[in-house]
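Beneath this line is the structure, given in structure tokens, with notes to follow.
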Amino acid sequence: MTGLRVKNTLNPNELMPFVERTPGNVNWYICGPTVYAPSHVGHARAYLTFDIIRGILEEYFGYNVTYCMNITDIDDKIIRRAMERGEEPLTLAQRYIDAFYRDTDALGLARPDAEPRVSTSMEAIISMIERLIERGHAYEADGSVWFSVKSFPE
């Protein structure tokens with residue numbers, strides 16, 4: 001045990017001991033940007049915070065951190081913006097991905113070890129949504145699929 005404790009978001013007043021699944025390793029997934037516009041200070045704050053914590057886990061506690069960050073490169077906002085500009089959605093998305101990385105590089109932030117993108121993960125996304133619907137954790141309404149909050153135990 002490292003003595004490291006983390007806040008339990010299910011009970012915000014409770015600090016839980018940090019226990020890794022595989023000794024010495026931390027796999028960390030964070031939500032990445034939806035790339036339809038330039039990055040802003042909110043992006044910088046989020047990724048800088050992660051980078052500081054990652055550095056503490058690696059340098060102070062000696063963990064090997066595997067950092068995975070998704071990129072949402074297909075969604076309604078991206079498609080709408082691309083149509084307004086007369087370009088392909090993935091072309092617009094790639095331009096903003098490149099700009100995002102120029103910004104994070106300028107801040108000295110580490111790049112992710114893995115970067116799944118919506119455009120290359122559609123089969124897995126659809127499969128997961130189908131399983132959620134089958135298990136009663138999601139439902140279709142008005143042409144969209146929604147998570148069923150009521151299905152989540154308290």
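The values are calculated or read from the model by the stated rules, or taken from the named source; none is laboratory data. Because the structure is predicted, anything quoted here is derived from the model rather than measured. Cβ atoms come from the backbone with ideal geometry, glycine included; neighbour counts cover every protein chain shown. Note: areas computed on protein heavy atoms with side chains; ligands, DNA, RNA excluded. Shrake-Rupley method; radii C 1.70, N 1.55, O 1.52, S 1.80 Å.
Other residues lying with their Cβ under 14 Å from the Cβ of residue 136 contribute a combined charge of 0, Lys and Arg counting +1, Asp and Glu -1. Entry note, segment 1-153: relative contact order of 20 percent, from Cα contacts under 8 Å with a spacing of 6+ residues.
Taking only the alpha-carbon positions of segment 18-97 and ignoring solvent, what does the Debye formula give for the base-10 log of I(q)/I(0) at q = 0.12, 0.13, 0.16, 0.20 Å⁻¹? Scattering profile of segment 18-97, log10 relative to I(0): -0.48, -0.54, -0.69, -0.86.
Take residue 39: with every protein chain present and a 1.4 Å probe, its accessible area is about 40 Å².
Averaging 1/r across all pairs of distinct Cα atoms in segment 23-154 and inverting the result yields a Kirkwood radius of 17.0 Å.
Diffusion of segment 3-42 by Stokes-Einstein, at 20 °C in a medium of 1.002 mPa s and with Rh set to the Kirkwood radius over alpha-carbon pairs, works out to 160 µm²/s. Annotation: amide H-H contacts under 5 Å for residue 26 (H modelled 1.01 Å from N, sequence separation of 5 or more, or interchain): 64, 65, 66. Taken along the Cα-to-beta-carbon direction at a fixed 7 Å, the label points for residue 113 and residue 9 span 2.1 nm. A straight line joining the Cα centroids of segment 1-52 and segment 63-137 runs 18 Å. With both residues required to sit in the chain, DSSP beta bridges show an antiparallel share near 50%. Each Cα pair under 8 Å and six or more residues apart adds its separation to the average, and for segment 72-154 the resulting relative contact order is 20 percent. State the percent of C-alpha pairs, over all pairs in segment 78-154, separated by a distance greater than 20 angstrom. Percentage above 20 Å: 57.
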